[in-house]
Amino acid sequence: MGASGPGLRVEDLIVRGDRGRELLSVPRLDLTPGGSLGISGPSGSGKSTFLFAVAGLLKAASGTVAWGDAAITAMGEARRAAFRAERIGIVFQDFLLFDELGAADNAAIAALYAPRGARDGIRARAGDLLSRLGLADEDRPVPGLSGGERQRVAVARAMAGNADILLADEPTANLDRPTATRLVDDLLVRCRERGASLIAVSHDETLLARLDRRIEIRDGKVRLDG
Amino acid sequence: MVDLWDGLPVLAQDGLVALAWALPLLVVGALLLRGLAPWPLVRALLARFRVPVALFVLLIAVSVGTGISLVAFERGLRAGTARAADRFDLIVAAPGSDITALMATVFLQPSDMPLLDGATYAEVTGHPAVAFAAPLAFGDSADGAPVVGTTANFLDHLSAGAIEGRAWTAHGEAVVGAGTPFAIGDALHPAHGIGDFADAEAHESHEYRVVGRMAPTGSPWDGAVLLPIETVWEAHDLPTGHAPERAEQIGPPFDAALFPGTPAILLRGHTLADTYGLRAAFQGTEETMAFFPGTVLSRLYNVLGDMRQIVSALTLVTQVLVAAAVLTGFALLTRLIRRQMAVLRALGAPARFVVAVVWSLAVTLMASGAVLGVALAVGLVAVLASVVGARAGLAIDVSLGLPDVTLALAFVSLASLIALLPALSMRRQDIVAGLRG
């Protein structure tokens, strides 16, 4: 097991959308270093917005999001991008892989823009992750992969950059139960190995039950914290 | 600085000009791509959108190829016409239009020119500065080819002695140009006039026998039939320029009183200064005008140069419009990869990487089209030179050089700057909106 990922601290976070409409309000939320957090709630309630906010993809109207000592809400766009590249891995809903590339190239996509010295490491880690996820030597174009295979490629991509924060948006959606179980196993094992902090948005009770904490978001507000 | 530039070899100058044009492309490329490796993704995206990509490349290739070939062909045409006029130092004709006289003498275009009489001919050719003089009597044709009556020294001058068979030694003998369909031994039937207006019956009692064939000169004279001028006069039932007791003589001296006239005389002085002196002596007199064909051609080039600038400007405008159309199409194409670019940025790719991917896509399209365009231009100029050269009787030698490639390079370089617009617009797009498609 590696060193623990940073803890998350959210204070008085407000995210607004078009015409100032409030999309999300989180007065206070903490996640211990290396811990895991599940987020549930109805569709359109603000779960993905929360995930995007803690990834620095959305600009907060007010409040603070900090990973360890790094206040992502205080960073400019370039620094937030660099922070994501170095520290955060994201598994998107619908995978959002590059159909033009094979599995290995998708998993190692960060090598295209990483510093020259880090590229070989990213490719090696991507290959290793794919191998451990049962996709060794797999370089079929993405459209030829099954849903489960795509999701595993997405996990490999999220972790190939050596991230110590993993954000997953509905990682088991559209997967059958055995595939979903295997993916959750993979996700948790990889996070544990690396000591990464994990936040997963999901409707999957099996996944949520295996995380350290869970919250529910309804109408943009944290309703349940247990 | 100017002296330093002028002292450089032409190739070095062309190379530096090409480098200067390439500079925007190189600078933008270096700034954008430094430390990044977007090519695997660019290649994959090009492969995915291969149909629109192929159409864009083809459109650019046609635009660039047409532009380059027009400029190169115009240059070749100019060189070809100048080369055709090379052997015509100074033309003396009756007062009138020097352009008409130029077209008639150098390019053998049908024209109606007044004749210089025997006294004038004697005065001109007897000038002490004259080293070479030959009458040029045109207006007839033989089996479709223009006929020119002249003297043997002109035949030597034009062919530089390269004649298959032999020069004429008697009336009725002809030497044909390399581009004519006639062979040695053929009998030719003269007609009065040339082309559709030729009267085949006017000289029907006459016949010319081909005794020689000139090597190619690369001029309209390759399509001509050359005869002793006396034979032309005979066909018109005129005196032959010689007294009856010397009726079989061909060539000078001519008897001024029996000289029927010639539309033009080709002259050269003993020295260049002499030739200029001859021009001064016979330009603007009551009986004559004298002109350097090269000077009249330069005047024509100046007039045509304005047209060339207009054509060049129109070509450039067309290329800009094509580039704009392609980039508009490209901007639409970038909408198709909007989500992929948003994913890259969400994963932490620097904005410069996204700009580099989109810019590299555009520049690859432009550069591929330009390379294909240069290849297309090579074929186009060959076809144009062959077709127009055959019609005008000119040897048009067009080869593409570094300046032509520089045109394509300039196009790519300028287009690479314009391509920054759609590339930079990707940078401004909202990441989350892009992720949600």
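Since every read-out is calculated from the coordinates, none of them should be taken as a lab result. Note that the structure is predicted; figures quoted are calculated from it, not measured. Note that we place each Cβ from the backbone using ideal geometry, even for glycine, and neighbour counts take in every protein chain shown.
Annotations for the structure displayed:
- Counting Cβ atoms of other protein chains within 10 Å of each Cβ in A:47-54 and taking the mean gives 1.
- Chain B: DSSP helices with Cα axial extent of at least 18 Å and average Kyte-Doolittle hydropathy no lower than 1.6: B:10-33, B:351-392, B:402-418
- Note on chain B: with a GNM built from Cα contacts shorter than 10 Å, the maximum mean-square fluctuation among B:A170, B:A367, B:A72 falls on B:A170.
- Candidates B:L297, B:L278, B:L19: whichever shows maximal mean-square fluctuation once chain B is modelled as a Gaussian network with Cα springs under 10 Å: B:L19
- Part-to-part distance (alpha-carbon centres) for the range B:382-437 and the range A:163-226, which is given in Å: 52
- Residues B:M103, B:M307, A:M159, B:M1, sorted so that the one with the fewest Cβ neighbours within 10 Å comes first: B:M1, B:M307, B:M103, A:M159
- Exercise: per-residue mean of other protein chain Cβ atoms within 10 Å, B:353-360: 1
- Charge-dipole axis of the protein assembly as shown as Lys and Arg at +1 and Asp and Glu at -1 on Cβ define it, positive-most pick from B:A187, A:L175, A:L188: A:L188
- The range B:90-291 - charge dipole about Cα centre, Lys and Arg +1 at Cβ, Asp and Glu -1, debye rounded to 20: 740
- Dipole in debye (nearest 20) - the range A:120-226, about Cα centre, beta carbon charges: Lys, Arg +1; Asp, Glu -1: 160
- Normalised contact order of chain A, rounded percent, pairs of Cα under 8 Å and 6 or more residues apart: 30
- This ranking places B:S219, A:S202 by how few other beta-carbon atoms lie within 10 Å of each, fewest first, which gives A:S202, B:S219.
- For chain B, share of DSSP beta bridges that run antiparallel, in % to the nearest 5: 80
- Residue order, fewest to most beta carbons within 10 Å, for B:R48, A:R192, B:R428: B:R428, A:R192, B:R48
- Each Lys and Arg adds +1 at its Cβ and each Asp and Glu adds -1 at its Cβ; summed about the Cα centre, the range A:8-225 shows a dipole of about 460 debye.
- Amide H to amide H distances under 5 Å link B:A131 with B:R268, B:G269, B:H270, where only residues 5 or more positions off or on other chains count and H is placed in the peptide plane.
- Peptide A:96-104 shows a mean partner chain C-beta count of 5 within 10 Å per residue C-beta.
- Euclidean distance of C-alpha centroids, the range B:40-103 and the range A:94-141, integer Å: 49
- Charge dipole of the protein assembly as shown about the Cα centre (unit charges at C-beta), most positive-ward option of A:A163, B:H270, A:L29: A:L29
- By DSSP, the beta bridges lying fully in the protein assembly as shown are antiparallel in about 65 percent of cases.
- Look at the dipole of the protein assembly as shown built from charges on Cβ: of B:P220, B:A20, A:P42, the Cα furthest out on the positive end belongs to A:P42.
- Computed helical MRE - 222 nm, the protein assembly as shown, DSSP H runs ≥ 4 contributing -39500 (n - 2.57), nearest 500: -16000 deg cm²/dmol
- Neighbourhood charge, 13 Å Cβ-Cβ cut-off, centred on B:E173 and excluding it, Lys, Arg +1 and Asp, Glu -1: -2
- DSSP beta bridge pairing in the range A:8-225, given as percent antiparallel to the nearest 5: 55
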